[in-house]
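Asker: One structure coming up, written as structure tokens, with questions to follow.
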Amino acid sequence: MNQDHHTAAWQRISTAAHTGGITLAVACRACADDVEADFAGATLVVAGELRLLAAATDERARSVEDAQLVTGEGPCTDAYTHRAPADAVDVHQAATRWPAYAPMASEQGVRSVLALPLTIGALAIGAMDLYRIEPTPFSPAQRERASAYARILALLALEEHPHLLTSHSRPVQRGPQGYPPTVHMAAGVLAAKDGLTPEDALARLRAHAFSHNQPLLHTAEQVINTHQLD
């Protein structure tokens, strides 16, 4: 670990916090500004499955992070699964790599992305994603600085979500299995109402969210409130 980058990252975060507390959201924003990313997000993974949006610098970041939840693929999933950075200089050219995620990210203006795993020792707890609206790669120095922030975000994540340490560990999985409880509840409503299997109900939720370009959680909440899809 480059101690200079680590110290500089902490100083940036402390300055950004001002008189408020140092939080994941503050650290995520500080990182984006420091490495010249246009927006950023951090997603946590509990027990290899349940995904939780822990921070987003703006609505674009929130939408792109949700796109990874909807599609079950993307840089966040790759970084978490392989415990290594995942990036794309031009998302427009990543369709073979992320066939469902790439067009959704492009719709939000994403061109370049760098995802870094959030790890504490051997424990992987999620990933941080840095986005640019121009197809400009992150420099080696920026990547190293971002790695320093990722280590700090991992510590802050455990402070804000201590259950990550006690969650039963399961094999790391790739794919759209990691849904928040609200999505599973909505799938249960659809399954009971329309005689679907849980898997088919989840697929229907994802397809509706994708076709209507709306967050998966929004679609799920709609089903829970109205017992139907518009």
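The values are calculated or read from the model by the stated rules, or taken from the named source; none is laboratory data. Given the structure is predicted, the values throughout are model-derived calculations rather than measurements. Note that each Cβ is placed from the backbone with ideal geometry, even for glycine, and that neighbours are counted across all protein chains shown. For the accessible areas, the whole protein counts, side chains as well, though only heavy atoms, and no ligand, DNA or RNA atoms are used. Shrake-Rupley method; radii C 1.70, N 1.55, O 1.52, S 1.80 Å.
Asker: Among MET104, SER147, ILE125, whose Cα projects farthest towards the positive end of the dipole of segment 91-156, with charges put on the beta-carbon of Lys, Arg (+1) and Asp, Glu (-1)?
Answerer: So the residue we want is SER147.
Asker: Right, here's the next one. Given the rule -39500 (n - 2.57) for each run of at least 4 DSSP H residues, summed and divided by the residues of the chain, what is its mean residue ellipticity at 222 nm, to the nearest 500 deg cm²/dmol? Don't skip to the answer; put the middle values down first.
Answerer: On the way: 10 runs with 118 residues, N = 230.
Only helices count here, giving -16000 deg cm²/dmol.
Asker: Something else: Which percent of the accessible area of segment 109-150 is formed by carbon and sulfur heavy atoms (probe 1.4 angstrom)? Walk me through the intermediate numbers first.
Answerer: Numbers: 820 of 1370 Å².
Using a 1.4 Å probe with all protein chains present, segment 109-150 comes out at 60 percent carbon and sulfur.
Asker: Could you work out the local net charge near THR136, counting Lys and Arg as +1, Asp and Glu as -1, over the other residues with Cβ closer than 12 Å to its Cβ?
Answerer: -3
Asker: Sorted by accessible area (1.4 Å probe), largest first, how do ASP194, ASP230, ASP200 line up? Don't skip to the end; give the middle numbers.
Answerer: Values: ASP194 60, ASP230 130, ASP200 85 Å².
The ordering from most to least exposed comes out as ASP230, ASP200, ASP194.
Asker: Give a residue-ordered list of calculated ³J(HN,Hα) values for segment 29-44 (Karplus: 6.51 cos²θ - 1.76 cosθ + 1.60, θ = phi - 60°; whole Hz; x for Gly, Pro).
Answerer: Result, rounded to whole Hz: 5, 4, 5, 4, 5, 5, 9, 6, 8, 7, 7, 7, x, 9, 10, 9.
Asker: Can you give the extra length, in nm with one decimal, that the chain gains between ILE224 and ASP90 once fully stretched, where that is 0.36 nm per residue apart less the Cα-Cα distance? Let's see the in-between values first.
Answerer: On the way: separation 134, 0.36 × 134 = 48.24 nm, distance 3.73 nm.
Separation in residues times 0.36 nm, less the Cα-Cα distance, equals 44.5 nm.
Asker: At 0.36 nm per residue, and after removing the present C-alpha to C-alpha distance, how many nm does the segment from GLN3 to ASP33 gain when stretched out fully?
Answerer: Working: separation 30, 0.36 × 30 = 10.80 nm, distance 1.97 nm.
Gain on stretching GLN3 to ASP33: 8.8 nm.
Asker: Among CYS28, ALA94, VAL64, whose Cα lies farthest out toward the positive end of the dipole of segment 1-116, if unit charges sit on the beta carbon of Lys, Arg (+1) and Asp, Glu (-1)?
Answerer: The Cα lying farthest towards the positive end belongs to CYS28.
Asker: Post the alpha-carbon centroid distance, segment 91-124 to segment 13-37, in whole angstrom.
Answerer: Segment 91-124 and segment 13-37 have Cα centres spaced 22 Å from each other.
Asker: Same structure, new question: Probe 1.4 Å, all protein chains in place: accessible area of ARG97 in Å², nearest 10?
Answerer: For ARG97, the solvent-accessible surface is approximately 100 Å².
Asker: Still on this structure: Give me the net charge for the shell around PRO75: Cβ to Cβ below 11 angstrom, other residues only, Lys and Arg +1, Asp and Glu -1. Could you put the intermediate results ahead of the total?
Answerer: On the way: positive: ARG97; negative: GLU65, GLU73, ASP78, ASP87, ASP129.
Spelling it out: positives minus negatives among the neighbours equals -4.
Asker: Accessible area per residue, 1.4 Å probe, Å², for the chain: what's the number? If you can, show how the numbers build up before the last one.
Answerer: Values: 10500 Å² over 230 residues.
Spelled out: the 1.4 Å probe surface of the chain, per residue, equals 46 Å².
Asker: What length, rounded to one decimal in nm, is gained on full extension from ARG151 through to HIS163, with 0.36 nm per residue of separation minus their alpha-carbon distance? Walk me through the numbers on the way to the answer.
Answerer: Values: separation 12, 0.36 × 12 = 4.32 nm, distance 1.81 nm.
Result: 2.5 nm gained on full extension.
Asker: Taking the Cα atoms of segment 1-134, report the difference between the largest and smallest coordinate on each principal axis, in whole Å and largest first.
Answerer: Answer, in whole Å and largest first: 42, 32, 26 Å.
Asker: Something else now. Seen from all sides and averaged, what is the projected area of the convex hull of the Cα atoms in the chain, in nm²? Provide the component values of the computation, followed by the final result.
Answerer: On the way: hull surface 50.7 nm².
Average projection, Cα convex hull of the chain: 12.7 nm².
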